[in-house]
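Scroll down for the structure; my scribbles are underneath it.
The values are calculated or read from the model by the stated rules, or taken from the named source; none is laboratory data. What you see is a predicted model, and the numbers here were worked out from it, not measured in a lab. Every residue, glycine as well, gets a Cβ built from its backbone with ideal geometry; the counts of neighbours run over all protein chains shown.
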Amino acid sequence: MNHHLLLIIHLICASIWVGGHLLLVFGHLPKALKEKNQNIILDYERKYEPVGMTSLVLLVTTGIMMAYKYGVSIDYWFQFATPIEKVVSTKLLLLFLTVLFALSAQFRVLPKLKTDSSKLPEMTFHILSVTLIGVVMLILGSFVRFGGL
Ligand code: HEM
């Protein structure tokens, strides 16, 4: 697939992933914490999850396809030897961290949060971490057009 088309899909998905998390952090999370009402977060997550997960899958797919077009194939990952490979490897590590947070939220926090608002601080930590990682991944991506890290 054409690199420009991959980049357009990557950017739309980055907008959805990062924008969706920022909306949760600034638009819904403060109210949920103030009212100690976890349903505000649970309702948003339910609606956002299908579109959010689809955009994350497409981010990874298009990101890896673009990395290959830059000559950064799997044989070079995690060597931290060349500027663009450094960006790709760092993004892959952050992606792994995002997946760990998502699994922890899904299997450890969310089941209890449904009935117990005392889990709100732990959920807040997960949300803030994933949002911050998303913003860092966006900033890292912007380095590629300047030659990498
Ligand atoms: C939350 C996940 C991610 C976000 C928010 C994100 C965001 C971005 C953004 C904003 C750009 C800037 C494009 C530009 O300057 O025009 C970019 C570029 C790029 N990203 Fe990602 N990205 C994510 C995940 C990934 C992953 C998992 C990979 C693959 C390992 C990847 C590989 C790339 C590459 C190779 C570019 C350079 C494209 C180019 O300028 O030609 N990204 N990303």
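Would you confirm whether or not segment 110-133 contains a residue that is within 22 Å of residue 7 (Cβ to Cβ), at pLDDT 95 or above and part of a helix (DSSP H, G or I)? Step through it out loud before you land on a result.
Filtering segment 110-133 for residues within 22 Å of residue 7 (Cβ to Cβ) gives 133.
Applying the additional criterion that residues be at pLDDT 95 or above yields 133.
Now restrict to residues that are part of a helix (DSSP H, G or I): 133.
Looking for residues that are within 22 Å of residue 7 (Cβ to Cβ), at pLDDT 95 or above and part of a helix (DSSP H, G or I), one finds at least one in segment 110-133, hence yes.
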Checked segment 47-86 for anything within 8 Å of the ligand (Cβ to nearest atom) and under 19 Å from residue 15 (Cα atoms); matches are 56, 59, 60, 62, 63, 64, 66
All conditions in (1) surrounded by fewer than 15 Cβ atoms within 10 Å (Cβ to Cβ); (2) near the ligand (Cβ under 9 Å from one of its atoms) are true of residue 147 except (2)
Q. Residue 3: within 20 Å of residue 131 (Cα to Cα) and in contact (Cβ under 8 Å) with a residue 12 or more places away in the chain, yes or no?
A. no
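Run down 62, 90, 54 and say which single residue is under 19 Å from residue 133 (Cα atoms) and surrounded by 18 or more Cβ atoms within 10 Å (Cβ to Cβ).
On the way: 90 fails: surrounded by 18 or more Cβ atoms within 10 Å (Cβ to Cβ); 54 fails: surrounded by 18 or more Cβ atoms within 10 Å (Cβ to Cβ).
The conditions single out 62.
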Filtering helices (runs of 4 or more DSSP H) wholly in segment 1-100 for at least 2 residues that are under 15 Å from the mean Cα position of the chain (by Cα) gives 3-23, 39-69
